[in-house]
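Novice: Just passing along the structure, written as structure tokens.
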Amino acid sequence: MNKMYKNVEDELIIERALDAFGCQNQEQLADLFHISPQDLSNRKRKGTLLKLIEKESFRREISYDWIKTGKGARTFGHGTGHRISEPNEDYFLSQSVNQSGKISDSLAKTAAILESKSIFSDALQSNINAFHYALIIEKKLNIALQKIDDLEEWKKTVEQRLLAVK
């Protein structure tokens, strides 16, 4: 790829990132990434800025493909473009210690995830639906297997009666 074309392409990606992240200029983008404007320029030149943009787009549920190409849906999941706050370390520590195994704790955690309006909510909802469907199918399978057993017993009875008639 021509270097001049690559630079123009990178600038378009940065422009879409500015728009998506609500930044007016590259200085605000640098602030968002907690880096200096000079570091942002260096990262642009070295080609490492796009990794930061990709991570931020994920945090905001903005399609990185959209940022790269300008095509397709801008957000995914329930994405609003607002940054998803990351839980602090204390949250993870409390969650790993507090594994009581109580159904009520699992239900509370499940509800929190489902109400989060994040990609995790969509994934969990999909899994719940799949497991629920699997339970229904398992019940139907057990009913069908019982009917097969009943029919095999009936078949033996009929065969015995036919032999008795001969």
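Novice: So how much slack lies between Ile113 and Asp39, counting 0.36 nm per residue of separation and subtracting their Cα-Cα distance, in nm? Present the calculation step by step, with values, prior to reporting the outcome.
Specialist: Numbers: separation 74, 0.36 × 74 = 26.64 nm, distance 3.61 nm.
Full extension from Ile113 to Asp39 adds 23.0 nm.
Novice: Starting from the Cα-Cα distance between Asp31 and Tyr133, subtract it from 0.36 nm times their residue separation and give me the gain in nm to one decimal.
Specialist: On the way: separation 102, 0.36 × 102 = 36.72 nm, distance 4.70 nm.
Here the answer is 32.0 nm.
Novice: Another question about this same structure. Name the residues of segment 46-69 whose amide N is less than 12 Å from a point 7 angstrom out from the Cα of Thr75 along the C-beta direction?
Specialist: Answer for segment 46-69: 60-63.
Novice: Something else: Between rounded, prolate and oblate, where does segment 111-166 land on the alpha carbon gyration tensor, with a ≥ b ≥ c its root eigenvalues, rounded for a/c under 1.5, else prolate if a/b exceeds b/c?
Specialist: prolate
Novice: Moving on to the next point. Rounded if a/c is under 1.5, else prolate if a/b beats b/c, else oblate: with a ≥ b ≥ c from the C-alpha gyration tensor eigenvalues square-rooted, which is segment 1-64?
Specialist: Oblate.
Novice: Within the set Lys46/Lys71; Lys44/Lys109; Lys55/Lys109; Lys68/Lys117; Lys102/Lys139, which residue pairs have Cα atoms separated by over 32 Å?
Specialist: Distance filter (> 32 Å) returns Lys44/Lys109.
Novice: I've got another one for you. Distance between Cα centroids, segment 44-66 to segment 114-138: provide it in whole Å.
Specialist: Distance between centres, Cα-based: 29 Å.
Each reported figure results from applying straightforward, stated rules to the coordinates on display, with no laboratory input. Because the structure is predicted, anything quoted here is derived from the model rather than measured. Every residue, glycine as well, gets a Cβ built from its backbone with ideal geometry; the counts of neighbours run over all protein chains shown.
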